[in-house]
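Some notes on the structure that comes next.
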Amino acid sequence: PILVADDYTFKLNKATTTTKYWICTITDCAAKVHTDSTNGLMKISSFFAINKWLIYTPFSSDFVELETCPACFGISLCDLFKTKDVQLSGWERFSFFNNDQFNIKNIYYGSLKNQPVIFKKMAHHSEWISFDICRQNKSCHNHVGTSLTTLLPCSDHLFVSKFRQAFINSTGFDGLESEISLDTTIEINLEPIVLSALSNSDLPIPFYYGACGRVGVFSNEGSNLVSYLQYSFRFRAFLARELLISMHQLNTRNSDMIVYYGDVNLENFVYNQNERRVKIIDLEYVNIVERHLFSATNVNSDYKHSQGKQLNSNVYCRRYLPDYNVEQVCRYVLSPSNETNQREMSSDFLHSIPASINRRWNLTNIISACAQTGSTSERLVLYEQLLKILSQIV
């Protein structure tokens, strides 16, 4: 059973304390009222001590793990975490769900100054435990890398320093502590570093507010596309069009850099209803390349399909791949599963295409060609065709 506070009253002018509370089990909840004329105050105190232990508050030590800093993401939001400006909601805030069995992604929901946000601890509980054990072991710690070459494989020192400094500025730390925080984040999850540098870039990605301890705070951009799999074909066509546009914008929208996104699955794409735009989340495995490294004609027009979360550095440091993100959508999101290699997984987001639509626009074959062609120029033409077809369907 779970004890949850609902209401309470102290009658200070009498030796009586009345408490209203709920006793909840997996199946139901029942209201209880308790009156005690002698030990009421002590029982009330015990009740709220238990309640505090069961339910996280934003500044709960077990939640933010502030004592681990500077081996954390920062302290820039900790003052806000102590106020009512930060609120937790949802079942995840119950402490007994705080494990890899119930909340393996270590994600929590709530608000920051009345704006919906997501609180992310950026790694599984078991991964944090392993990291802390490693920190205590000098021989292990010596093998921990602090390089950003996975994220920025082709970049010079100046470009790398922009990302380093953007994250350091977000931590609230100075000097050595900021470097320890950076090293920790590189080892655990690169996403706070990516979003610290790109949150104001007008790319279709979440905003990173900062952190308190081992909890990073990100804008909540909406429900992921898994929740829309059974919606009408017309609405899924709209979402598919917006996803293609957003993924292509990672290639084209920013004048300074190209973002290659290989971690493609429906859970990593969300629909922002207010903006009517598909956003791309979970940016741990992106690769970012400086645009000035490539001339307009230095485009790879025929290359083998790249599989996995990371491209081969010999490919993307040598050639500009303007269709890479579009290929990922066609291959892993839009294609029927029988159109892809058995080793690959397809979401088949545009399943159940109405026969009349398929006859009119040949949609299945165009999606298949977009997924399978090895020609950059052909895929970009197919991309434009898909946008026009999906727009007419919508």
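Looking at LEU244, LEU250, which one is under 14 Å from LEU195 (Cα atoms) and not assigned by TED's automatic domain parsing to the domain that holds ASP156? Break it down into steps so the answer makes sense when it comes.
Values: LEU244 fails: under 14 Å from LEU195 (Cα atoms).
Just one listed residue meets the conditions, LEU250.
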Fill in: Residue count, the range 214-251 (criterion: assigned to a helix (DSSP H, G or I), in contact with a strand residue (DSSP E or B) (Cβ under 8 Å, 6 or more places away or on another chain) and polar (S, T, N, Q))
2
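Per-residue answers, yes or no, for (1) at pLDDT below 95; (2) closer than 22 Å to ILE258 by Cα:
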{"site": "GLN136", "(1), (2)": "yes, no"}
{"site": "THR149", "(1), (2)": "yes, yes"}
{"site": "LEU152", "(1), (2)": "yes, yes"}
{"site": "GLY175", "(1), (2)": "yes, no"}
{"site": "SER181", "(1), (2)": "no, no"}
{"site": "CYS212", "(1), (2)": "no, no"}
{"site": "GLY222", "(1), (2)": "no, no"}
Worksheet, complete the sentence: Within the range 277-312, residues at pLDDT below 55 and small (Gly, Ala, Ser) come out as ALA296, SER301, SER306, GLY308
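Condition check ((1) at pLDDT below 90; (2) exposed (fewer than 15 other Cβ atoms within 10 Å of the Cβ)) across all residues:
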position	(1), (2)
TYR109	no, no
LEU112	no, no
LYS121	no, no
CYS140	yes, yes
HIS143	yes, yes
GLN165	no, yes
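The values are calculated or read from the model by the stated rules, or taken from the named source; none is laboratory data. Keep in mind that this is a model prediction, so the values were computed, not measured. As a convention, Cβ positions derive from the backbone with ideal geometry for all residues, glycine included, and neighbour counts pool all protein chains shown.
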